[in-house]
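The values are calculated or read from the model by the stated rules, or taken from the named source; none is laboratory data. Only a predicted model underlies this, so the values are computations on that prediction, with no experimental measurement involved. Ideal geometry is used to build each Cβ from the backbone, glycine not excepted, and the neighbour counts take in all protein chains shown. Surface areas here come from the heavy atoms of the whole protein model, side chains and all, with no ligands, DNA or RNA. Shrake-Rupley method; radii C 1.70, N 1.55, O 1.52, S 1.80 Å.
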Amino acid sequence: MQLSRKDFFISYNKADRYWGEWIAWQLEEAGFSVEIQAWDFRPGSNFVLETQKAAIEAERTIAVLSNDYLDALYTQPEWAAAFVQDPTSKRGALLAVRVHPCELKGLLASLIYIDLVEQEEAVAHQRLLEGINRGRAKPKMAPVFPGGRKEPQTIAARNSSGETLSLLPERPPFPKNLAPLTRAIEVFYVFAPEDEELRADLEKQLALLRKLGIITDWHSGRIHVGREWMSEIETHLHAAQIILLLISAHFMASDSYDIARQAMERYEAGSARVIPIILRPVDWKGAIFDRLEVLPTNKRPVTSWTNRDEAFFNVAKGIRNIVEELSAPL
């Protein structure tokens, strides 16, 4: 009986785990099958044997390149297993993806790699999917005819001394360092586990903003098994531009209140907006957030409304107002 082979095995150093998982997610979303240690090597299994099995049975191995990867001992057999199966790279068994600046030496120096260093996510996504394609990289549209191009004209004027001054820069600035025209606002939920159902109801009210690409959101329920809980929380807490505190007696009595302290530190520093949302009746006078404007706008707890949908609609409108304020061009 012939076992079905995975399309890709993701080989990475533990320092680049987030990169490995990001790459694996993009590939699976594109319809490929993937083997990756973070998701597929379960407690109780033999790490060395699982790695050997994955490296041999996968059609192609992706090496996530960084100095940490190149210096590690365990990663070398992983890419070497793919290299020995396809030493001329005829079928692309070993595919290198560079995620941090590093110098390739020896056998790896002969590989043409996909370079994701310092790229924005959309560009990195496109480069990854285009790079795994073994076909020709012929563009879908005809290239612009290179002959007869005119250099852009310079608009100039003379100053009082008769010197010619250009009113336009000689060349446009490199757009990498310019702010993107549109960027989704990241929203972070802080809530007690007992309020998950209410949080989910609010998330549904914000669904349109997500589908329009205006916001992205994250909450602790998205932490994968095996990931460090507090580290994941702090990573997203410090990346979010809007932090929603879902207030209830459960919230006040849980670790969520301690996370709210960190959120308020970001608010005080001017790096995030913090919005308390009163879910259930609770005494919050004197709380660290009590001087902030709360939602619903009438300060009535969501569960005290006759129609809960109307309550969350009121909350969603308040959140949208702040999102639009943050998204407005300066």
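Points worth noting:
- Computed with a 1.4 Å probe over protein heavy atoms only, the accessible area of TRP22 comes to about 50 Å².
- Gain on full extension, evaluated as 0.36 nm per residue between ALA253 and LEU212 minus their Cα-Cα distance, stands at 11.2 nm.
- Phi to ³J(HN,Hα) by Karplus 6.51 cos²θ - 1.76 cosθ + 1.60 over region 267-283, Hz, x for Gly, Pro: 5, 4, 7, x, 9, 7, 9, 10, 10, x, 10, 7, 7, 10, x, 6, 7
- The HN-Hα couplings worked out from phi for region 60-74 by the Karplus form 6.51 cos²θ - 1.76 cosθ + 1.60 (θ = phi - 60°) are 9, 10, 9, 9, 8, 8, 7, 4, 4, 5, 5, 8, 6, 7, 6 Hz, whole numbers, x standing for Gly and Pro.
- Direction-averaged projected area, Cα convex hull, region 21-100: 5.7 nm², rounded to one decimal.
- Highest to lowest packing among 100-112, 204-216, 307-319, 61-73, scored as the average C-beta count within 10 Å: 61-73, 307-319, 204-216, 100-112
- Amide H contacts for ALA96 (H built 1.01 Å from N in the peptide plane; partners 5 or more residues away or on another chain; cut-off under 5 Å): ALA63, ILE114.
- Modelled label positions at PHE313 and GLU103, each set 7 Å beyond Cα in the direction of Cβ, lie 6.4 nm from each other.
- Cα-based convex hull, region 62-128, per residue volume (Å³, whole number): 82
- Spin-label model, TYR113 to TRP305: label points 7 Å out along the Cα-to-beta-carbon direction sit 5.2 nm apart.
- Shape category assigned to region 251-304 from the gyration tensor of Cα positions, a/c cut at 1.5: oblate
- Spin-label model distance (nm) - PHE32 vs GLU232, 7 Å beyond Cα toward Cβ: 2.4
- Region 242-250 - phi-based ³J(HN,Hα) in whole Hz, Karplus 6.51/-1.76/1.60, Gly and Pro as x: 10, 10, 9, 9, 8, 8, 7, 4, 4
- Added length on full extension, which subtracts the Cα-Cα distance from 0.36 nm per residue, ASN67 to THR88: 5.1 nm
- Taking amide H atoms as placed 1.01 Å from N in the peptide plane, the amide H of GLU35 lies under 5 Å from those of PHE8, PHE9, ILE10, each 5 or more residues away in sequence or on another chain.
- Comparing region 222-292 with the 2.2 N^0.38 Å rule of thumb, its C-alpha radius of gyration ratio is 1.13 (two decimals).
- Here's how it looks for ARG273: its modeled amide H is under 5 Å from those of ILE242, ILE243, which are all 5 or more places away or on a different chain.
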